[in-house]
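Q: Sharing a structure, written as structure tokens. Questions coming.
The values are calculated or read from the model by the stated rules, or taken from the named source; none is laboratory data. The structure displayed is predicted, hence computed values, not measured ones. Glycine gets a Cβ as well: all are built from the backbone with ideal geometry, and neighbour counts include every protein chain shown.
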Amino acid sequence: MLRITENRTASDTVILLFEGQVANHLVNIAREVCTPLLAQNQQLILDLAGVTFADRNGIQFFQSLPQHQVRFTNCSPFLSEQLK
């Protein structure tokens with residue numbers, strides 16, 4: 001299960017709170033949420049405090065986002081190491 005909650009700030013910044021697993025077909029759901037926001041040139045911050053697991057596809061998805069100026073917050077030490 002993956003839950004993504006969107007919070008908008010007063011500026012053009014969107015914070016997405018991820019909760020659950022970013023694995024298998026759920027990676028496509030995460031991509032479907034992020035892609036339109038990136039296309040609108042929104043500043044995107046992913047709060048990964050609630051991520052309990054990310055498989056290889058999930059890690060690859062997260063690794064592809066910094067090229068779009070996406071920032072990560074509240075990563076677990078394990079997930080932070082995987083994203084390097």
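Q: Quick one: which helices (runs of 4 or more DSSP H) sit completely within the chain and have at least 1 residues that are modelled with pLDDT of 95 or more and among the charged types (D, E, K, R)?
A: Numbers: elements: 26-39, 56-64, 77-82.
Counting at least 1 such residues, we get 26-39, 56-64.
Q: Looking at segment 60-84, which of the residues that are closer than 24 Å to His25 by Cβ and of a type in the set (S, T, N, Q) is surrounded by the fewest Cβ atoms within 10 Å (Cβ to Cβ)? Outline the logic, then answer.
A: Let us first name the residues in segment 60-84 that are closer than 24 Å to His25 by Cβ, namely 60-68, 70, 72, 75-76, 78-79, 82-83.
The next check asks that each one be of a type in the set (S, T, N, Q); those that pass are 60, 63-64, 67, 76, 82.
Numbers: Gln60: 11, Gln63: 12, Ser64: 12, Gln67: 7, Ser76: 14, Gln82: 15.
The qualifying residue surrounded by the fewest Cβ atoms within 10 Å (Cβ to Cβ) is Gln67.
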